[in-house]
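The values are calculated or read from the model by the stated rules, or taken from the named source; none is laboratory data. For clarity, every value in this text was computed on a predicted model and none was experimentally measured. Cβ placement follows ideal geometry from the backbone for every residue including glycine, while neighbour counts extend to all protein chains displayed. All accessible areas refer to the heavy atoms of the entire protein, side chains included, with ligands and DNA or RNA removed. Shrake-Rupley method; radii C 1.70, N 1.55, O 1.52, S 1.80 Å.
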Amino acid sequence: MGRVVGKAACGYRPNPRWPGVAVACAVLGLFATRTPCAAETLQDALVKTYQTNPQLNAERARQRGTDEGVPQALSGYRPQLVASLSSGLQAVRNILPDNTVQSTTLKPWTIGLTVTQVLFNGYKTANNVRVAEFQVKSGREALRNTEQGVFLDAVTAYMNVMANYALTEAQRTNVQVLREIQATTKRRLDAGDVTPTDTAQAESRLSRGLADLNAAEVALAISKEIYTQVIGEAPRQLMATSPVDRLIPPTQIASIEAGSHEHPAVLGAGYDVDVAQTSIKLAESALLPQVSVQGSVSRQVENDPTLSVRKEDQASVVGQISVPIYDGGMAASQTRQAKEVTSQSRLVLEQVRNQTRTAVVSAWVSNEGTKVALRAAESEVKSAEIALQGVRREAQGGQRTTIDVLNAQQDLTNARTRQITAQRDRVIASYTLLSAVGRLDVHTLNLNTPDYSPDVHYHQVRDAWHGLRTPSGQ
């Protein structure tokens, strides 16, 4: 079972006379900078995610497929070769002018080779190449965006396991304290110091504490499964982590500016506009003339039914120019359609910019809010601990009732729960802001893993003229 506490995760066991020590270790462990025997850091989890996450690997495979659009477009510059071979049987019966009959069975066969080279096609090939290259660039930004989302999922899963373990420990400690209060109340009831009402109140709070502990254990089990799904293996002992404020621009305005220029969603939408604009020229190419040259060689044997020629060899070079005059309005409609799609792409780009700005502002405000919430939660825990100690001493002197002690204990448990939640939210909010800015990537995080560079596959296939195997050998 993965643990987030410091000493408690390493074999340390607090004195049962002070059960609050276990919760203090769990809470402080979320932001500790070093844990002596922790087995896995958030950096390690992100490395595993980067290497094995199915969603991320599927997006990489999609991008490799998009890369193939460029050599497909470049094929328009290259010659097309077609070889043909035909063979069969042919029965022939000829009646000559002098009524003489000629009949035989031929075994004709033909072999040929045709080479076609397009010289000009209205810049269609050039524009196809440009469209394919812009699509590759857009796809790379989509891959970066997916990488950011997967990393944020991994951080969230990691922190949820840590927080839910700490919450479970807090509820377990609460149950331990409530059991002690219940036992003390029963002893005081036997001595005549309290009434049966006090005993009932202690038992009621213990039942509530057991229910809260069960809910915390359920939440921990669920968070572990989500961790396994995102990161690729079950959590073990997790080392404490801290926010990444050092990687975030210093001001909100600087964050907005960085997001508008660096976020992969914005850059990808910009490349989509380039694709749409180039598609206009691609549609217009159908209105321009096309020039091609075709060369062929062939040999025909026993293919003359007049029986005058037994074998025939041919070779030819033919140039062809075709000028479209009217195609029923197809090219004109496609051009108008491409222009409307371009207008849509520009509007989408503006929409993505606005969404990115909103996301950055929201993430910035949330990140700042978690700082305030954490400071308040820490102060609340300190005050609740002091209040509980005071109420217990007063109860021992007969100035407080059992319900006062139970309420003070519940206040402390609630305060610790809010502190643990605030610590989790503090880390997740900082990574969320880094993602909103567009910098939640392997380079910014300085992960110790080989970088997956989509450029490598692109250059491996861009100028490939043949071959069915992928660069990976498939």
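Nearest 500 deg cm²/dmol is fine: what mean residue ellipticity at 222 nm does the chain get from its DSSP H runs of n ≥ 4 alone, each adding -39,500 (n - 2.57), divided by its residue count? It would help to have the intermediate numbers written out before the result.
Details: 11 runs with 287 residues, N = 474.
About -21500 deg cm²/dmol.
Between residue 403 and residue 347, what FRET efficiency follows from the Cβ-Cβ distance if R0 is 51 Å, with the result rounded to 0.05?
On the way: r = 63 Å, r/R0 = 1.23.
FRET efficiency, residue 403 to residue 347: 0.25.
Distance from the alpha carbon centroid of region 326-341 to that of region 352-381 works out to 49 angstrom. Maximal additional length on extending the residue 468-residue 383 stretch stands at 23.6 nm, based on 0.36 nm per residue less the C-alpha distance.
Compute the signed sum of charges (Lys and Arg +1, Asp and Glu -1) over the other residues within less than 11 Å, Cβ to Cβ, of residue 396.
Values: positive: 188, 392, 393, 400; negative: 193, 394.
It works out to a net charge of +2.
Accessible area per residue of the chain at 1.4 Å probe, in Å²?
Details: 25640 Å² over 474 residues.
Dividing the accessible area of the chain by its residue count gives 54 Å².
The order of the peptides 134-146, 355-367, 193-205 by mean Cβ neighbours within 10 Å, most packed first, is 134-146, 355-367, 193-205. By the compact-protein rule of thumb, 2.2 N^0.38 Å, the alpha-carbon radius of gyration of the chain corresponds to a ratio of 1.65. When you count the other C-beta atoms within 10 angstrom of each residue and take the mean per peptide, 267-280, 304-317, 377-390 line up highest first as 267-280, 377-390, 304-317.
Summing Lys, Arg as +1 and Asp, Glu as -1, what charge do residues with Cβ under 12 Å from the Cβ of residue 44 carry, residue 44 excluded?
Numbers: positive: 48, 236; negative: 40, 233.
Neighbour charge sum, excluding residue 44 itself: 0.
Let me have the relative contact order for region 332-474, percent, based on Cα pairs under 8 Å that are six or more residues apart.
On the way: 64 pairs, mean separation 39.6, N = 143.
It rounds to 28 percent for region 332-474.
The calculated FRET efficiency for residue 100 paired with residue 460, based on their beta-carbon distance and R0 = 60 Å, is about 0.30. Put a dot 7 Å past the Cα of residue 91, heading toward its Cβ, do the same for residue 200, and the two dots end up 11.2 nm apart.
Could you sort out which of 186/382; 224/382; 48/371; 48/224 sit more than 22 Å apart by Cα distance in this structure? Display every interim value, and only then the final one.
Numbers: 186/382 30 Å; 224/382 30 Å; 48/371 29 Å; 48/224 16 Å.
From 186/382; 224/382; 48/371; 48/224, over 22 Å: 186/382; 224/382; 48/371.
Under a Cβ-Cβ cut-off of 13 Å, what is the net charge of the residues other than residue 53 that fall near it, where Lys and Arg count +1 and Asp and Glu count -1?
Working: positive: 48, 60; negative: 59, 147, 153, 233.
Charge balance in the 13 Å sphere: -2.
May I ask you to compute the full-extension gain from residue 291 to residue 83, defined as 0.36 nm times their residue separation minus their alpha-carbon distance, rounded to one decimal in nm?
Details: separation 208, 0.36 × 208 = 74.88 nm, distance 2.23 nm.
Computed gain between residue 291 and residue 83 is 72.7 nm.
Between residue 41 and residue 180, the distance separating the two model label sites (each 7 Å from Cα on the Cα→Cβ line) works out to 3.7 nm. The candidates 77, 227, 458, arranged from most to least accessible area with a 1.4 Å probe in the full protein assembly, appear as 77, 458, 227. Extension gain, residue 251-residue 358: 0.36 nm per intervening residue step, less the Cα-Cα distance, totals 37.0 nm.
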